[in-house]
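**Q** One structure, as structure tokens, below. Some questions next.
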Amino acid sequence: MKLSERILSCLRARTDSYFSGNELADELNVSRSAIWKAVEKLRADGYEIDAITNNGYRLLGEPDRLSVSAILAELPGPIRADYNVVVLESIDSTNDGLRRRAEEAAPEGTVLLAETQTRGRGRLNRSFYSPRQSGIYMSLLLRPTIDPRQSLLITTAAAVAVAEALETCCGGETKIKWVNDIFMNGKKVSGILTEASLNLESGRLDYAVLGVGINLTEPEGGWPDELKEIAGSALARKTGLQGLRSRIAGTFLARFRTYYDDLPAKAYLAAYRERSLLIGKRILTDDGRTQRPATALAIDDDFRLIVRYDDSAGNETAALSTGEVSIRLPSDESRTGTESPDNP
């Protein structure tokens with residue numbers, strides 16, 4: 001962990017008073033000169049740090065930009081070295097960019113974030129609206145050892161991790177619309193897109209790229225007309241957000257890591273079920289050819305959605321897997337399940 005990241009952690013822990021240079025030097029086992037140089041680097045990165053002779057340093061504000069130091073500061077010390085976080089001003093798509101790096105042998109734990117995407121995309125190659133500095137657009141490179149048939153575990157673990165990060169950093173209640181959408185206040189605020197490369201000879205995954213898009217605030221000028229009834233933001237306010245996007249990104253990485261280290265244990269299954277948006281509701285299933293009305297009954301131990309078709313005299317039930325269908329709540333009952341054309 002870099003010295004600047006360690007200093008940032010110390011200053012965050014004491015925002016109501018000053019941390020003397022001697023204290024920081026003793027705490028981090030470095031010289032006062034090294035402390036000064038690292039503080040100057042943080043200032044150059046946009047951190048507002050007050051410095052008073054004989055008093056020391058105090059963190060007054062954080063940049064409203066994604067910061068590698070701030071993201072890593074949210075991760076437990078033992079795992080920080082496992083991540084290579086890269087922040088770009090702009091990119092076509094963080095998933096596409098990370099897939100290119102994966103093909104060039106980038107290691108697991110490479111994280112790519114951008115302030116904006118010019119060709120962001122979600123499921124079924126839908127466009128993902130990515131306005132500058134109002135959201136989090138990130139992708140994480142994984143090289144999992146699980147059976148490819150268990151890939152759904154990556155997406156569902158990420159859904160819970162996103163929900164927990166938003167609840168921790170923003171407050172409020174989240175819901176998960178099976179299988180990969182996060183809702184707050186009845187609107188979609190986040191989507192997840194997991195893509196993988198399969199080695200046909202070994203039958204194993206070469207790598208997986210986990211993409212996460214989060215709408216933190218409403219973009220300047222509002223949402224495009226086609227998204228106004230669908231897209232939402234995790235926060236209504238637009239002030240006092242300095243450093244919040246970095247904290248959410250880091251918190252997500254930390255939460256996801258706890259699940260990813262033992263995916264087959266499905267330690268997050270109960271949390272996923274508790275946040276289900278669909279259970280007990282009437283829905284429509286759509287396999288691309290026909291739509292059928294149904295009732296969502298449960299999520300089974302393999303994260304399949306158990307439904308009972310309402311158009312079947314025999315009360316036909318089915319266990320739906322991701323990729324088989326899209327789920328939409330009937331528009332006359334609720335709009336909160338409508339699938340956005342712009343989100344993963």
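The values are calculated or read from the model by the stated rules, or taken from the named source; none is laboratory data. No experiment lies behind these values; they were computed from the predicted model shown. Positions of Cβ are generated from backbone atoms using ideal geometry, with glycine treated the same way; all protein chains shown enter the neighbour counts.
Okay, residues lined up against (1) within 20 Å of residue 154 (Cβ to Cβ); (2) part of a strand (DSSP E or B); (3) in contact with a Gly (Cβ under 6 Å, 6 or more places away or on another chain); (4) not acidic (Asp, Glu):
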{"position": "252", "(1), (2), (3), (4)": "yes, no, no, yes"}
{"position": "256", "(1), (2), (3), (4)": "yes, no, no, yes"}
{"position": "267", "(1), (2), (3), (4)": "yes, no, no, yes"}
{"position": "280", "(1), (2), (3), (4)": "no, no, no, yes"}
{"position": "285", "(1), (2), (3), (4)": "no, yes, no, yes"}
{"position": "289", "(1), (2), (3), (4)": "no, no, no, yes"}
{"position": "293", "(1), (2), (3), (4)": "no, yes, no, yes"}
{"position": "297", "(1), (2), (3), (4)": "no, yes, no, yes"}
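**Q** Could you please find all residues in the range 23-47 being in contact (Cβ under 8 Å) with a residue 12 or more places away in the chain, over 22 Å from residue 86 (Cα atoms) and not in a loop (DSSP other than H, G, I, E, B)? Please lay out each step first, then the result.
**A** Kept after step one, since they are in contact (Cβ under 8 Å) with a residue 12 or more places away in the chain, are these residues of the range 23-47: 23-24, 27-28, 30, 34-36, 38-39, 41-42, 45-47.
With the extra rule that they be over 22 Å from residue 86 (Cα atoms), the set shrinks to 23-24, 27-28, 30, 34-36.
23, 24, 27, 28, 34, 35, 36, listed by residue number.
**Q** May I ask you to say which residue of 269, 278 is surrounded by 15 or more Cβ atoms within 10 Å (Cβ to Cβ), out of contact with any Asp or Glu (no Cβ under 8 Å at 6 or more places or on another chain) and either of a type in the set (A, V, I, L, M) or not assigned by TED's automatic domain parsing to the domain that holds residue 180 (or both)?
**A** Exactly one residue qualifies, and that residue is 278.
**Q** Kindly list the number of the only condition in (1) part of a strand (DSSP E or B); (2) buried (at least 24 other Cβ atoms within 10 Å of the Cβ) that fails for residue 207.
**A** Going through (1) part of a strand (DSSP E or B); (2) buried (at least 24 other Cβ atoms within 10 Å of the Cβ) one by one, residue 207 breaks only (2).
**Q** Something else: For the list (1) farther than 20 Å from residue 79 by Cα; (2) in contact with an Asp or Glu (Cβ under 7 Å, 6 or more places away or on another chain); (3) in the same structural domain as residue 79 (by TED's automatic domain parsing), I need the number of the one condition that residue 294 fails.
**A** Here residue 294 clears every test but (3).
**Q** Turning to a different aspect of this structure: When the residues of the range 227-250 are filtered to those that are aliphatic (A, V, I, L, M), farther than 13 Å from residue 163 by Cα and in a helix (DSSP H, G or I), which remaining residue is nearest to the chain's Cα centre (by Cα)?
**A** Filtering the range 227-250 down to residues aliphatic (A, V, I, L, M) leaves 227, 230-231, 234-236, 241, 244, 248-249.
Checking the rest, the ones that are also farther than 13 Å from residue 163 by Cα come to 227, 230-231, 235-236, 241, 244.
Next, only the ones that are in a helix (DSSP H, G or I) stay: 227, 244.
Values: 227: 20, 244: 13 Å.
Filtering the range 227-250 for residues that are aliphatic (A, V, I, L, M), farther than 13 Å from residue 163 by Cα and in a helix (DSSP H, G or I), the one nearest to the chain's Cα centre (by Cα) comes out as 244.
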